[in-house]
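K.L.:
Got a structure here, written out as structure tokens. Questions coming.
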Amino acid sequence: MRELKKTSGIICEIERYALNDGPGIRTLVFFKGCPLRCKWCSNPETHNFHPELYYYTHKCTFCGKCIAVCPYHAIRADYSRQKVITDRNICRTCGECIKACPTGARSAVGMEMTVEQVMEEVKKDIPFYLRGGGGVTLSGGEVLSRFEFALEILKKSREEFIDTAVETSGYAPWDVVKEVISYTDHVLIDIKHMDPLRHRELTGVENKLILDNIKKIDRSKVHYIIRIPLITGINDDESNIKAIKEFTNGLKNLREVHLLPYHTLGKSKYEYLERIYELGHLVKPHKEKIYEAAQILKDSGLNVVVGG
Amino acid sequence: MNVSSIRVKKLREDVLSRVPGVCIERARFYTEVYRENEALPVYLKRAIALQRTLENMSIYILDGELIVGNQACAPRTAPVFPEYAVEWIEKELEEKGNFDKRAGDVFHLPEEHKEELLEIIKFWKGKTLYDHCMASMPEEVKTASIIKAIHGDGNMTSGDGHIVVDYEKVLKLGLKGVIKEAEEALSALDLSENDALRKKAFLESIIITLRSAIKFAQRFANLAEDLARGERNPVRAGELMQIARNCRRVPEYPASSFYEAVQSVWFVHLIQQIESNGHSVSLGRLDKYLYPYYEYDIKNNVITRDFAMELLECLWIKLFSIIKIRPTSHSGYGAGYPTYQNVTIGGQTKEGRDAVNVLSYLILESVAGTRLTQPNLSVRLHANTPERFLQKCIEVLKMGFGMPAFKNDEVIIPSLLSRGVSHDDAYNYSMVGCIEVAVPGKWGYRCTGMSFLNMIKVLEMTVYGGKDPRTGHCLLHTKSLTEVQSFEEFWEQWEKQMQYYTKLSIVLDHVADTNLEKLVPDIFTSALVNDCIKRGKTVKEGGAVYDMVSGLQVGIANVANSMAAIKKLVFEEKVLKPEKLIEAMKANFESEEGIEIQKKLLAAPKYGNDDDYVDELAVKAFNTYVKEIVKFKNTRFGRGPIGGIYYPGTSAISSNVPMGAVVGATPDGRKAWTPAAEGASPTQGTDKKGPTAVLKSVSKLPTILITGGNLLNQKFSPDLLEGKERMERFADLLRTFVALKLWHIQFNIVSSEVLRAAQREPEKYRDLIVRVAGYCAQFVTLDPTTQEDIISRTEQKAV
Ligand code: SF4
Ligand code: SF4
């Protein structure tokens, strides 16, 4: 894979009229690539740093055209299912099969975009940002993993007086975090689990760096919100929520916490990527569980938003 | 939000349960009068016919009703208007035996009246408006109508409608005051002067109709008194006596209370509906002109707020009881029994201050409570619309019956000013029908034209060198796509075709207008439009202060998308040979190669995604049309009114379905015979970037020049409005809509699952209301194609 300069990066998607990722009407820029692998992740297409292939099984008529055109012989037929299988380790996302597929069963997710291209999209909704304090939100994936690219977008947005927000796992060296938040109006940062080992088990990394960063963000005075994904039976137990509460009690400038209940909307994306969704079988958290968690956090004077 | 009382609940259920019927009383009286008075001037003939109808038709007061007055012998029963057209009635009766076997918009004619109706038809054959239109229509226009590049049947079978009379004047002066005006004008006439005899007949006919309107109200007073005498329940007896007192006073005298004012407005509105067969007869700025009465009554404890609500709800049920039967050929253009009785609220005073008052809220709430397809409620937004009011509108919208629709003062007022409307009048505009605007009481009919121009058909023919592949007709030969050398040259061919068909659409409009003027002048309506009495002219003869008409274009999005695909694939990237494209279009993209080609076409830029490549083509295409249509004058030009011109408009009601039904596959990847895009909305399902992108795309069109109104339809799933925050975001969206100077926007807040369920079990979803385009309809009464079309509109999803 070619080295990407700071003036361009791989973007999964740019979504307009996003309503849950910062104040006002926002444009959400999804970065591709993340150092974490949260088992419940509903955006698996943002895991890898390179563009990938989506394969919509339901649209495939098993015509075999893609097999014929693939220059790397990455595709083979699965006669029992009357579908094709793509070896993701061989595929280079060259796009030949996408062009060849007559039914639109194949498409690319992720494309290289320059800062200018991103800005062009972001600027389109300026009239909408002006009411209700909206703006751009960088999300992912992990924005901080491509912080140079992110910084450029944030700086350019500031130049245009566009409100900026960043959604992050917080998993990056403090220097990086520090620089990025100096161009950010709202930081949305996750706490997934308080237990370091459990955190590693669930996400692939430990939480120390993240928690340390949160403490420093708290001291930096930037407006920030902590977001807690509530995953049924994984981190929604009372002891974890209480541990989070204990941690947030030590934060002076935290005002708001968002609870993001697990949902299954990401399920089909795992299928498109021909991957297995480890936690795809989970049920949505119970209303009462969400209420309980919210109650615990509210007790320490925090504004708790469910959904957020 | 629910209705305010059990009474209203019962009345609502009653009117909803009615199977639409057909009543022949009006036809009977009109035919009698025409038969007996062949030699009379047409004004008088029509005045006497209306008089005979009002004084003899069946009237009723339903149990519990507070507002009285009926259009035909039962609620939801359509009168017959034989003077406009009868062929279609005869044809449908002959072929199907009744009107209850249609695919949509079903009516039932009682068997015992069939014979009499056929008898009536015999008298009218060869004498109707439609017959006259056909006789005077140039061959070229006929052929263009067969091709369906233009369509004007609506006008020629049903008359004008589309008007807001001067309700304020009636409330202030009473019909008595208007009669006095007419009498004075009459006595001032010097009969030896040129044209004076005509004026005399016109003014006399006004006096006759207004007097008969008063008589009509008196009949209800008598009936109420009779009923009161036999009424055991003392409370109801008291109500009936009140009704009688109201009907003795209004519309004859000025209204002296809110209750009387509502009753008076209803009578005046109702009589217009009986007089003419047109639709979109609208009520104007109801919150503005009823407010003084409300304010006074509340201050003096004459009524309570709850009672005022109840009266409004009764008025909505009355509006819903009105219904018109249209030929099947036209009902596809406005499916779902629409009558487009618009009520406008909000907006600004003539000083430019916000005009929202308590009544605006009550109207909003009562419309939400009754949840009927009528009135067609419009809210005028502007830069300073109060936040609370906006939130209230969103709450109502969230209920999912498509109302209210939003209009934008910030572009409509400047647009009107640019057309020569005075400052005060421009600030006082109201909606008519769905998205058209007019100055209440001062504007002629049909600020929207009714001659449709099928832009997508014109585009299709341009590809084939001017020949219509469906009918084989070729009225104007130009170079086909295979003969042109460049995209610019292709565009020129299209412009030539557009100029040609625009002109024909105007001729078609004139055919209708000339005959409407001559054959079916509306006397009652003219009496209440300024300055008809002063000028001694009907509206149609140039009596109105303003008279401007819009053309109606269908399929702007399809044209832009087709042009973009041709430009990009055929001429720029050269990956598609014109011959191949045409071959694929002819095969409806069904061959193997066709599928490939369609895929490419569908992948080309699409209007509605804030993509300048295609949006600029939409703007350019629209400008071509704007430039063309303003060259023409309507039949009132130079006869009194300010204006007398045409301008563009995209209020295409649901005509995108029948208009698309005659067009083969098109270069935008659209399959043959499927619906065209609605108004200025993107093609169904091609707006992939969400509502902000759609708004941006539409905002690029020269909206200020589209004084006939620019229609934008958006369907939202309800989750987009869940919770306080999302509702606030939605308010931001609406505020940006205002700032972007878009004309109109309306939302269907309903999930496609619900719509599918309604298709499966229509009985259960009788009160599922959807916005079809500019108006609301009961979803289950729509024909399957329109239903599918509604479902296929992109459901905007939030991230
Ligand atoms: S994208 Fe290219 S490498 Fe990957 S499967 Fe398709 S053709 Fe093969
Ligand atoms: S080309 Fe498309 S439809 Fe054909 S087998 Fe491959 S994925 Fe399936």
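The values are calculated or read from the model by the stated rules, or taken from the named source; none is laboratory data. Quantities reported herein were computed from a predicted structural model and do not represent experimental measurements. For neighbour counting, all protein chains shown are included, and Cβ atoms are generated from backbone atoms with ideal geometry for every residue, glycine included. All accessible areas refer to the heavy atoms of the entire protein, side chains included, with ligands and DNA or RNA removed. Shrake-Rupley method; radii C 1.70, N 1.55, O 1.52, S 1.80 Å.
K.L.:
Only one of (1) open to solvent by less than 10 Å² (accessible area, probe 1.4 Å); (2) touching a strand residue (DSSP E or B) at 6+ places or on another chain (Cβ under 7 Å) is not met by B:M498, so which one is it?
P.N.:
Going through (1) open to solvent by less than 10 Å² (accessible area, probe 1.4 Å); (2) touching a strand residue (DSSP E or B) at 6+ places or on another chain (Cβ under 7 Å) one by one, B:M498 breaks only (2).
K.L.:
Continuing with this model, one more query. Of everything in the range B:376-399, what is in a loop (DSSP other than H, G, I, E, B) and open to solvent by less than 10 Å² (accessible area, probe 1.4 Å)? Give them in sequence order.
P.N.:
Answer for the range B:376-399, where residues must be in a loop (DSSP other than H, G, I, E, B) and open to solvent by less than 10 Å² (accessible area, probe 1.4 Å): B:H382, B:T385.
K.L.:
Pick out the one residue from A:S239, A:S220 that is small (G, A, S) and farther than 26 Å from A:Q295 by Cα.
P.N.:
Criteria check complete, one pass: A:S220.
K.L.:
Before we move on, is A:S220 away from every other protein chain (no Cβ under 14 Å) and touching a residue at least 40 places away in the same chain (Cβ under 8 Å)?
P.N.:
Yes: the conditions hold for A:S220.
K.L.:
What are the residues in the range B:407-444 that are open to solvent by 10 Å² or more (accessible area, probe 1.4 Å) and assigned to a loop (DSSP other than H, G, I, E, B), if any?
P.N.:
Matches in the range B:407-444: B:R419, B:G420, B:S422, B:N428, B:P440, B:K442.
K.L.:
Also: If B:L695 satisfies every condition in (1) modelled with pLDDT under 85; (2) open to solvent by less than 10 Å² (accessible area, probe 1.4 Å); (3) within 13 Å of another protein chain (Cβ to nearest Cβ) but one, which is the exception?
P.N.:
If we test B:L695 against (1) modelled with pLDDT under 85; (2) open to solvent by less than 10 Å² (accessible area, probe 1.4 Å); (3) within 13 Å of another protein chain (Cβ to nearest Cβ), just (1) comes out false.
K.L.:
Another question about this same structure. For the range A:76-91, indicate whether the set of residues that are more than 12 Å from ligand 2 (Cβ to nearest atom) and touching a Phe, Trp or Tyr at 6+ places or on another chain (Cβ under 8 Å) is non-empty.
P.N.:
Scanning the range A:76-91, I find at least one residue that is more than 12 Å from ligand 2 (Cβ to nearest atom) and touching a Phe, Trp or Tyr at 6+ places or on another chain (Cβ under 8 Å), so the answer is yes.
K.L.:
Of the residues that make up the range B:601-610, is at least one more than 25 Å from the chain's Cα centre (by Cα), open to solvent by 40 Å² or more (accessible area, probe 1.4 Å), among the charged types (D, E, K, R) and more than 17 Å from B:L552 (Cα to Cα)?
P.N.:
Among the residues of the range B:601-610, not one is more than 25 Å from the chain's Cα centre (by Cα), open to solvent by 40 Å² or more (accessible area, probe 1.4 Å), among the charged types (D, E, K, R) and more than 17 Å from B:L552 (Cα to Cα), which makes the answer no.
K.L.:
Right, next: Quick check: is even one residue across the range A:124-140 in contact (Cβ under 8 Å) with a residue 24 or more places away in the chain, of a type in the set (S, T, N, Q) and more than 14 Å from every other protein chain (Cβ to nearest Cβ)?
P.N.:
No, the range A:124-140 contains no residue that is in contact (Cβ under 8 Å) with a residue 24 or more places away in the chain, of a type in the set (S, T, N, Q) and more than 14 Å from every other protein chain (Cβ to nearest Cβ).
K.L.:
Can you tell me which of (1) among the hydrophobic types (A, V, I, L, M, F, W, C); (2) surrounded by fewer than 24 Cβ atoms within 10 Å (Cβ to Cβ); (3) more than 26 Å from the chain's Cα centre (by Cα) is the one B:V507 doesn't meet?
P.N.:
(3)
K.L.:
Here is a further query. Test B:L720 against the stated conditions and say whether it is away from every other protein chain (no Cβ under 14 Å) and either open to solvent by less than 10 Å² (accessible area, probe 1.4 Å) or assigned to a loop (DSSP other than H, G, I, E, B) (or both).
P.N.:
no
K.L.:
Conditions first: (1) touching a strand residue (DSSP E or B) at 6+ places or on another chain (Cβ under 8 Å); (2) part of a helix (DSSP H, G or I). B:T373 passes all but one, so which condition is the exception?
P.N.:
Here B:T373 clears every test but (2).
K.L.:
Which count do you get for residues in the range A:46-99 that are open to solvent by less than 50 Å² (accessible area, probe 1.4 Å), within 8 Å of ligand 1 (Cβ to nearest atom) and among the aliphatic types (A, V, I, L, M)?
P.N.:
4
K.L.:
Okay, next question. Evaluate the range A:36-45: report whether one residue or more is of a type in the set (F, W, Y), open to solvent by less than 70 Å² (accessible area, probe 1.4 Å) and under 15 Å from the mean Cα position of the chain (by Cα).
P.N.:
Checked the range A:36-45: at least one residue is of a type in the set (F, W, Y), open to solvent by less than 70 Å² (accessible area, probe 1.4 Å) and under 15 Å from the mean Cα position of the chain (by Cα).
K.L.:
Let me ask something additional. Collect the residues in the range A:46-68 that are more than 32 Å from the chain's Cα centre (by Cα) and either more than 8 Å from ligand 2 (Cβ to nearest atom) or among the charged types (D, E, K, R) (or both), keeping them in residue-number order.
P.N.:
Answer for the range A:46-68, where residues must be more than 32 Å from the chain's Cα centre (by Cα) and either more than 8 Å from ligand 2 (Cβ to nearest atom) or among the charged types (D, E, K, R) (or both): A:K65, A:A68.
K.L.:
Give the residue that is least open to solvent (accessible area, probe 1.4 Å), with candidates limited to residues of the range B:510-520 that are of a type in the set (V, I, T) and in a helix (DSSP H, G or I). Outline the logic, then answer.
P.N.:
First, pick out the residues of the range B:510-520 that are of a type in the set (V, I, T): B:511, B:514, B:520.
Pick out the ones that are also in a helix (DSSP H, G or I) and you get B:511, B:514.
On the way: B:V511: 13, B:T514: 73 Å².
Only one residue fits best here, namely B:V511.
Table: residues versus (1) of a type in the set (A, V, I, L, M, F, W, C); (2) over 24 Å from the mean Cα position of the chain (by Cα); (3) within 23 Å of B:Q787 (Cβ to Cβ).
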{"site": "B:F632", "(1), (2), (3)": "yes, no, no"}
{"site": "B:T635", "(1), (2), (3)": "no, no, no"}
{"site": "B:G638", "(1), (2), (3)": "no, yes, no"}
{"site": "B:G644", "(1), (2), (3)": "no, no, no"}
{"site": "B:T650", "(1), (2), (3)": "no, no, yes"}
{"site": "B:P658", "(1), (2), (3)": "no, no, yes"}
{"site": "B:A661", "(1), (2), (3)": "yes, no, yes"}
{"site": "B:G669", "(1), (2), (3)": "no, yes, yes"}
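K.L.:
Open to solvent by 10 Å² or more (accessible area, probe 1.4 Å), in contact with a strand residue (DSSP E or B) (Cβ under 7 Å, 6 or more places away or on another chain) and closer than 30 Å to B:K631 by Cβ: is that true of B:K741 in this structure?
P.N.:
In short, yes.
K.L.:
Let me ask something else. Taking the conditions exactly as written (free of Cβ contacts under 8 Å to residues at least 60 places away in the same chain, over 23 Å from B:A693 (Cβ atoms) and more than 11 Å from ligand 2 (Cβ to nearest atom)), does A:H73 satisfy them or not?
P.N.:
Here the answer is yes, as A:H73 does meet what is asked.
K.L.:
Shifting gears a bit: Do you know which of the residues in the range A:100-111 that are open to solvent by 30 Å² or more (accessible area, probe 1.4 Å) and of a type in the set (A, V, I, L, M, F, W, C) is farthest from the other protein chains (Cβ to nearest Cβ)?
P.N.:
Among those that are open to solvent by 30 Å² or more (accessible area, probe 1.4 Å) and of a type in the set (A, V, I, L, M, F, W, C), it is A:M111.
K.L.:
For the range A:10-20, check the following and say yes or no: at least one residue is among the basic types (K, R), within 14 Å of another protein chain (Cβ to nearest Cβ), surrounded by 14 or more Cβ atoms within 10 Å (Cβ to Cβ) and within 13 Å of ligand 2 (Cβ to nearest atom).
P.N.:
Within the range A:10-20, not a single residue is among the basic types (K, R), within 14 Å of another protein chain (Cβ to nearest Cβ), surrounded by 14 or more Cβ atoms within 10 Å (Cβ to Cβ) and within 13 Å of ligand 2 (Cβ to nearest atom).
K.L.:
OK, next. May I ask you to list the residues in the range B:201-223 that are free of Cβ contacts under 8 Å to residues at least 60 places away in the same chain and more than 30 Å from the chain's Cα centre (by Cα)?
P.N.:
B:Q218, B:A221, B:N222
K.L.:
Please count how many residues of the range B:146-168 are assigned to a helix (DSSP H, G or I) and surrounded by fewer than 21 Cβ atoms within 10 Å (Cβ to Cβ).
P.N.:
Of the residues in that region, 2 qualify.
K.L.:
Also, quick follow-up: Report the residue count in the range B:663-682 for those that are touching a residue at least 24 places away in the same chain (Cβ under 8 Å), away from chain A (no Cβ under 14 Å) and under 15 Å from B:E460 (Cβ atoms).
P.N.:
Total satisfying the criteria: 12.
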